[in-house]
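Trainee: Submitted below is the structure of interest, expressed as structure tokens.
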Amino acid sequence: MGGPALGDDGVARCPWGAGDPVNLAYHDSEWGMPVEGEAAHLERLTLEAFQSGLSWLTILNKREAFREVFAGFDADVVAAYGEGDVERLMAEPRIVRNRRKIDAAVANARATVALRDRGGLAALLWSFRPDTTPAPHDTAEQATTSPESIALSKELKRIGFAHVGPTTMYALMEAIGIIDDHLVGCHRRGASGVWSG
């Protein structure tokens, strides 16, 4: 994969964001940017869990269906899902039909509701922000876990979250700007405002 790739528009991007138009749009407008509110954080956590073992493009292409069937990631609504709802989701061809991941999404909504007494999901996730962000020059330098993602994974599991392993949590930290893992030279590096250059 190597360093930043030049797109057809002459703009340097992380290689995964320089090809498919859906990936490119996500890379250029969302990846690495902080999100606002509980539902947005729960959506990113849920989608990263569903992505495990699949391509991110698969998830992006199913994103609107995920939003629909998970009630816009309203934690109260999803937390109330019962067995009938899980069976309905297992029969929904527009999403990833994996029982463990669907069960995890419901469990995570319940755990998110319970977290409100402790400041909420967003505050917990951001409390694991490291002192410095990586500065990879090529994809070989990009990590898949960190001490912070390992610690975050352990804490989330301790309080009832599921399908939140260290690699999945590292991907979440990348996605919402807790770290800036855009390659040095990518035009989006530093775009979040959380980290400089």
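Trainee: Could we say that Ala162 is small (Gly, Ala, Ser) and either surrounded by 22 or more Cβ atoms within 10 Å (Cβ to Cβ) or outside any loop (DSSP other than H, G, I, E, B) (or both) here?
Mentor: On the way: small (Gly, Ala, Ser): yes; either surrounded by 22 or more Cβ atoms within 10 Å (Cβ to Cβ) or outside any loop (DSSP other than H, G, I, E, B) (or both): no.
When the stated conditions are applied, Ala162 does not pass them.
Trainee: Ok, one more. In region 119-130, which residues are assigned to a helix (DSSP H, G or I) and in contact (Cβ under 8 Å) with a residue 24 or more places away in the chain?
Mentor: Our first condition is that a residue be assigned to a helix (DSSP H, G or I); within region 119-130, this holds for 121-126.
Selection gives Leu121, Ala122, Leu124, Leu125, Trp126.
Trainee: If you check Ala171, Ala140, Ala151, Ala191, which single one turns out to be in a loop (DSSP other than H, G, I, E, B) and either out of contact with any Cys (no Cβ under 6 Å at 6 or more places or on another chain) or modelled with pLDDT under 95 (or both)?
Mentor: Details: Ala171 fails: in a loop (DSSP other than H, G, I, E, B); Ala140 fails: in a loop (DSSP other than H, G, I, E, B); Ala151 fails: in a loop (DSSP other than H, G, I, E, B).
Just one listed residue meets the conditions, Ala191.
Trainee: Within region 81-118, can you find the residues that are free of Cβ contacts under 8 Å to residues at least 40 places away in the same chain, among the small types (Gly, Ala, Ser) and part of a helix (DSSP H, G or I)?
Mentor: The answer is Gly84, and nothing else.
Trainee: Only residues in region 49-60 that are buried (at least 20 other Cβ atoms within 10 Å of the Cβ) count as the first member; pair them with residues that are basic (Lys, Arg), Cβ under 9 angstrom, at least 6 apart or cross-chain, and list the lot.
Mentor: Filtered contacts from region 49-60: Ala49/Lys101; Phe50/Lys62; Phe50/Lys101.
Trainee: So which residues in region 99-137 are among the hydrophobic types (A, V, I, L, M, F, W, C) and over 18 Å from the mean Cα position of the chain (by Cα), if there are any at all?
Mentor: To start, the set of residues in region 99-137 that are among the hydrophobic types (A, V, I, L, M, F, W, C) comprises 102, 104-107, 109, 111, 113-115, 121-126, 128, 135.
Listed by number, the residues that qualify are Val113, Ala114, Leu115, Ala135.
A quick yes/no check of all residues on (1) in contact with a Ser or Thr (Cβ under 9 Å, 6 or more places away or on another chain); (2) without any contact (Cβ under 8 Å) to a residue 24 or more places away in the chain:
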position	(1), (2)
Lys154	no, yes
Met173	yes, no
Gly185	no, no
Arg189	no, yes
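Trainee: Still on this structure, please answer the following. It is to be established whether one or more residues within region 21-43 are in contact with a Pro (Cβ under 8 Å, 6 or more places away or on another chain) and assigned to a helix (DSSP H, G or I). Even if it seems obvious, please write down each step before you answer.
Mentor: Keep residues of region 21-43 that are in contact with a Pro (Cβ under 8 Å, 6 or more places away or on another chain), which gives none.
Checked against the condition, which is being in contact with a Pro (Cβ under 8 Å, 6 or more places away or on another chain) and assigned to a helix (DSSP H, G or I), region 21-43 yields no hits at all.
The values are calculated or read from the model by the stated rules, or taken from the named source; none is laboratory data. All values reported here derive from a predicted model rather than from experimental measurement. When we count neighbours, we look across all protein chains shown, and the Cβ atoms used for this are built from the backbone with ideal geometry, even at glycine.
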